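What follows is a single structure, written as structure tokens, with notes after it.
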Ligand code: NAP
Ligand code: GLV
């Protein structure tokens, strides 16, 4: 039994060690050193090379190294009969919640303005409302958005969420569908994006959606760069419609040198590190999936082709 591994980070040795500890019988083959393609039964990948996954005649499941799967689905030659499993991992979930909470608190407590004041040597009181009067909204109430929304609500923020289908989450006002979007945006002062990238969600963060937010709202985009119409962001910030943006993801990564986002004082940038899958916890999840397949049980967290996530 062999597992094909491909990542774009330097964390392969962590994965190799985790699998060696938990499943010594599983051969860990790091792409492109795959050996005999017929021996590969499982793949654990991030941005697989186009056409590569069709080369393995005995491949039984493709596990995504990330929660997002568009890096796999964008391969026109992907063997569609093989299940694709998205990453659900406690370390990934809590890492994202930390990131979101950090920025919600940062915007709520005016940290960007306080930092600018410190640079200028200015002592000026900046007021802020109690958390229960600060309206935070999370787009996407799945594994990551659901955990982030629950955590934000536990800090007593007035928390709402938006999903495709109706949801009930204690302490979170839930909106759904096209009809719920405008009402969700109109009440949201700090907007968090944790949607998957699909045909329906691409470009969802645009001038029109920014205009529906209350003036001076803030944006936290931790999902995908293609959710944001980049040309619409700076005008919204410069006009004051948006007060700030924290961006972890970009249409082009790495964000090119000279991109106007780098120099904009109201944009905070991180290099797609909002959360990373943790081998120490996630390897077990992959092995549980393999065990379910071997036992003839249905796999969990399989991506639905028709829904795109
Ligand atoms: P998930 O569990 O599949 O949840 C997706 C959520 O989005 C669900 O609540 C779903 O609604 C909602 N949704 C999907 N399409 C929608 C639409 N058209 N309108 C309204 N709501 C829609 O995904 P997840 O595990 O939480 O991950 C979310 C995304 O985070 C990933 O796809 C990835 O892009 C991103 N991510 C980024 C990083 C980073 O470091 N920056 C790390 C991990 C993940 P239903 O509940 O009704 O299905
Ligand atoms: C990271 O971006 C992921 O999708 O897990």
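The values are calculated or read from the model by the stated rules, or taken from the named source; none is laboratory data. Fair warning: this is a prediction, and the values are worked out from it, not measured in the lab. Note that we place each Cβ from the backbone using ideal geometry, even for glycine, and neighbour counts take in every protein chain shown.
Per-structure values
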read-out	value
The range 59-86, residues that are within 20 Å of residue 293 (Cα to Cα), outside any loop (DSSP other than H, G, I, E, B) and in contact with a strand residue (DSSP E or B) (Cβ under 6 Å, 6 or more places away or on another chain)	61, 62, 63, 84, 85
Test for residue 44: is it away from ligand 1 (no atom under 16 Å from the Cβ), closer than 21 Å to residue 300 by Cα and touching a strand residue (DSSP E or B) at 6+ places or on another chain (Cβ under 6 Å)	no
Output for the range 222-257, where each listed residue is in a helix (DSSP H, G or I) and within 23 Å of residue 96 (Cα to Cα)	225, 226, 227, 230, 233
Candidate set from the range 156-172 (those that are assigned to a loop (DSSP other than H, G, I, E, B) and out of contact with any helix residue (DSSP H, G or I) (no Cβ under 6 Å at 6 or more places or on another chain)); member that is nearest to residue 224 (Cα to Cα)	164
Qualifying residue in the range 95-104 (condition: part of a strand (DSSP E or B), crowded, with 17+ Cβ neighbours inside 10 Å and either touching a helix residue (DSSP H, G or I) at 6+ places or on another chain (Cβ under 9 Å) or at pLDDT below 95 (or both))	no
Flag if residue 114 is at pLDDT 95 or above, outside the structural domain of residue 161 (by TED's automatic domain parsing) and either exposed (fewer than 15 other Cβ atoms within 10 Å of the Cβ) or in contact with a strand residue (DSSP E or B) (Cβ under 9 Å, 6 or more places away or on another chain) (or both)	no
Sole residue being on the phi > 0 side of the Ramachandran plot and either within 15 Å of ligand 1 (Cβ to nearest atom) or not assigned by TED's automatic domain parsing to the domain that holds residue 143 (or both), chosen from 91, 95, 68, 51	51
Test: residue in the range 286-304 that is within 16 Å of ligand 2 (Cβ to nearest atom), in contact with a strand residue (DSSP E or B) (Cβ under 6 Å, 6 or more places away or on another chain) and either at pLDDT below 95 or on the phi > 0 side of the Ramachandran plot (or both)	yes
Condition broken by residue 296, with the remaining ones in (1) surrounded by fewer than 20 Cβ atoms within 10 Å (Cβ to Cβ); (2) not in a loop (DSSP other than H, G, I, E, B) satisfied	(2)
Which numbered condition residue 307 misses (of (1) in a loop (DSSP other than H, G, I, E, B); (2) outside the structural domain of residue 136 (by TED's automatic domain parsing); (3) free of Cβ contacts under 8 Å to residues at least 60 places away in the same chain)	(3)
Any hit, the range 209-221, residues being assigned to a strand (DSSP E or B), more than 25 Å from residue 114 (Cα to Cα) and under 14 Å from the mean Cα position of the chain (by Cα)	no
Failed item, numbered, when residue 83 is tested on (1) away from ligand 2 (no atom under 16 Å from the Cβ); (2) surrounded by 22 or more Cβ atoms within 10 Å (Cβ to Cβ)	(2)
Filter result for residue 138 (assigned to a loop (DSSP other than H, G, I, E, B), in contact (Cβ under 8 Å) with a residue 40 or more places away in the chain and in contact with a helix residue (DSSP H, G or I) (Cβ under 6 Å, 6 or more places away or on another chain))	no
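Yes or no, residue by residue, for (1) surrounded by 14 or more Cβ atoms within 10 Å (Cβ to Cβ); (2) in a loop (DSSP other than H, G, I, E, B):
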| position | (1), (2) |
| --- | --- |
| 43 | yes, no |
| 48 | yes, yes |
| 54 | yes, no |
| 57 | no, yes |
| 122 | no, yes |
